[in-house]
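Following: one structure in structure tokens, then a few remarks.
The values are calculated or read from the model by the stated rules, or taken from the named source; none is laboratory data. Everything numeric here is computed off the predicted structure, so don't read it as measured data. Here the Cβ positions follow ideal geometry from the backbone for every residue, glycine too, while neighbour counts run over all protein chains shown.
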Amino acid sequence: MTPRLALCLFAAVIAAVASFAADRGSTAPVPEFRASVERLSPKLRERMTGISWHEGCPVGLGSLRLIKTSHWDFRGKPARGRLVVHAEHARELVKVLKRLWATEFPIRRMELIDRYDGDDHASMAVDNTSAFNCRFVAGTTRWSMHAYGLAIDINPRENPYVAGDHVSPPEGQPFADRSDRRPGMLFARDPAVQAMGRIAGWEWGGRWSSPTDYQHFSSNGQ
């Protein structure tokens, strides 16, 4: 081996050792959870009117709050989301979201239902987590708890509504079998379900016998 070759090999070894040491000592810090609760801005009120809210809704815009929050996506990356909820439970929901962040529970997306023209089916089809939407319980003329800002649907594809052979959204069909646990799914003893259960009066639709609504949490279970 020539002196020049020996010197090159020595330099390569030193560089490899330095790189290994740097990698071991350069663990990236976990991003900080950030959330805020705000009154609806005039711009947001205008956007919602005629879509997710209209005259005759059981709750006024002044009783609603916008939550801006951190969450993890399905790639394990930090993301930002927004929910409109009732002012009465906004800060309690932030505590739940902080708990989900701490356990790295993934949420596909968290966008206001107005982006989907207030269409719950369109929102569920893309696995959107949402809360307020002034609408009736499907197939009835009874207000849903979503119409009060007292309900949230989490990862509807991974946690579908199941009534016999009917699965909603249809994209959730592969997740109707709850024996196959996968990321983003909700189960009775999970931190997400337990954290939500700490909000007084809120129930999980995954405990209903028929239909079973795995995505749904709401006040009074409606």
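Summary of computed values
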read-out: Count - residues of the range 68-86 that are without any contact (Cβ under 8 Å) to a residue 60 or more places away in the chain and not charged (D, E, K, R); value: 8
read-out: Which listed residue is at pLDDT 90 or above, surrounded by 17 or more Cβ atoms within 10 Å (Cβ to Cβ) and of a type in the set (Lys, Arg), from 157, 182; value: 157
read-out: Strands (runs of 3 or more DSSP E) completely within the range 128-222 that count 1 or more residues being small (Gly, Ala, Ser); value: 151-153, 161-163, 166-168, 216-219
read-out: Selection count where residues are of a type outside the set (Ser, Thr, Tyr), under 17 Å from residue 45 (Cα atoms) and surrounded by fewer than 22 Cβ atoms within 10 Å (Cβ to Cβ), scope the range 115-133; value: 3
read-out: Output for the range 83-132, where each listed residue is in contact with a Pro (Cβ under 8 Å, 6 or more places away or on another chain) and closer than 19 Å to residue 64 by Cα; value: 129
read-out: Unmet requirement for residue 62, which otherwise passes all of (1) surrounded by 13 or more Cβ atoms within 10 Å (Cβ to Cβ); (2) of a type outside the set (S, T, N, Q); (3) in a helix (DSSP H, G or I); value: (1)
read-out: Tally of residues being in contact with a Phe, Trp or Tyr (Cβ under 7 Å, 6 or more places away or on another chain) and at pLDDT 95 or above across the range 185-203; value: 2
read-out: Residue list for the range 27-46, restricted to those being outside any helix (DSSP H, G or I) and either within 20 Å of the chain's Cα centre (by Cα) or within 16 Å of residue 85 (Cβ to Cβ) (or both); value: 30, 31, 32, 33, 34, 35, 36, 37, 38, 39, 40, 41
